[in-house]
Amino acid sequence: MRLPLRHALLTASFIAALLPGLAAAQAKPAAEFVPQVGQAGKDVIWVPTPKSLVEKMLKMAEVKPGETLYDLGSGDGITVITAAKQFGAVATGIEYNPDMVELSKRNAQKEGVGDKAQFIRGDIFATDFSKASVVTMYLLPYLNLKLRPTILDMKPGTRVVSHAFTMDDWAPDQVDSSEGRTAYLWIVPAKVEGTWKMDKGSFELKQKFQEVSGVYRTGDGLSYRVTATHLRGDQISFAVGSAVYTGRVSGPVMQGTMRAKADAPATSWSATLVK
């Protein structure tokens, strides 16, 4: 179909007038995402953690250079970036909101730690963080409880720090605060419940998280209560009468040194989990 010449000229003039505006609109960059306190997320709303508390949490966890840290629900990336920049950790944030992920990546680049601070869009309940030496989080109590079985199956000695919320009846190993905000530290304990066979006698241990109690049975049928128990990660100590045992738990094997009394020489001991 051919337009009359007058219409064609008007149409061409109209298009020419629009082109500069269209070009400017295409050239104008999209506004950068700015997070809002209280914005809704998948499971929680976003509330930033103060930098001073982030540093406190990382100090509580004794983060060392080269260690692997995962932040569950990493928000704007401050914990991951601080862990990488100030503590030398290889840190990863798991965040469901894609806008927050991209914001965190930009923040990491600005701070010069784009190679050590990484961010992935994912669900914290569907993403593997089992290789972490340190886990940080600022979630709600019911989410902490939902994560608890997974955390307890991690390598003994893994440090877990939570801003504001606890793990119900799993008592923290340390509590600290900054700017009126509270942080809780747990150290994943080795699994020691069961019967441990020694050369002479055996231990029967009961366990509730890092709390341990039990009975030592000699080869001739005598029983003694296990006291002064202390379990921190894979390190364990306890007493039977005046004898003090210290050692390390490695799966089904426990071994270390024992002193029959305070001034006695140390001798080695070991035990194997039989049931």
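The values are calculated or read from the model by the stated rules, or taken from the named source; none is laboratory data. Predicted model only: the values in this text are computed from it and were never measured. Ideal geometry is used to build each Cβ from the backbone, glycine not excepted, and the neighbour counts take in all protein chains shown. Just the protein is used for accessible areas: all its heavy atoms, side chains included, with ligands, DNA and RNA removed. Shrake-Rupley method; radii C 1.70, N 1.55, O 1.52, S 1.80 Å.
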- Note on the structure: Flagged in segment 138-167 as under 18 Å from Trp46 (Cβ atoms) and touching a Lys or Arg at 6+ places or on another chain (Cβ under 8 Å), in numbering order, are His163, Ala164
- Does Ala262 satisfy the criteria of being among the hydrophobic types (A, V, I, L, M, F, W, C), at pLDDT below 95 and loosely packed, with under 14 Cβ neighbours inside 10 Å? yes
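If we keep just the residues of segment 67-120 that are of a type in the set (A, V, I, L, M, F, W, C) and open to solvent by 40 Å² or more (accessible area, probe 1.4 Å), which is farthest from Met154 (Cα to Cα)?
So the first thing to find is which residues in segment 67-120 are of a type in the set (A, V, I, L, M, F, W, C), and the list is 69, 72, 78, 80-81, 83-84, 87, 89-91, 94, 100-101, 103, 108, 113, 117, 119-120.
Pick out the ones that are also open to solvent by 40 Å² or more (accessible area, probe 1.4 Å) and you get 78, 90, 120.
Values: Ile78: 24, Val90: 18, Ile120: 21 Å.
The residue in question is Ile78.
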- Task: Please list, ordered by first then second residue, the pairs with beta carbon atoms under 8 Å, 6 or more apart or interchain, first in segment 200-221 and over 15 Å from Thr272 (Cα atoms), second open to solvent by 30 Å² or more (accessible area, probe 1.4 Å) and at pLDDT below 95.
- Result: Thr218/Lys200; Gly219/Lys200
- Task: Could you please let me know if Leu140 is open to solvent by less than 40 Å² (accessible area, probe 1.4 Å) and among the hydrophobic types (A, V, I, L, M, F, W, C)?
- Result: no
- Taking first residues from segment 32-43 that are loosely packed, with under 10 Cβ neighbours inside 10 Å and second residues anywhere that are in a loop (DSSP other than H, G, I, E, B), the pairs with Cβ under 8 Å that are 6 or more apart or on different chains are Gln36/Trp46; Val37/Trp46; Val37/Val47; Val37/Pro48; Gly38/Trp46; Gly38/Val47
- Query: So Ser213 fits all but one of (1) of a type in the set (S, T, N, Q); (2) touching a Phe, Trp or Tyr at 6+ places or on another chain (Cβ under 9 Å); (3) farther than 30 Å from Gly73 by Cα; what number is the exception?
  - Reply: (2)
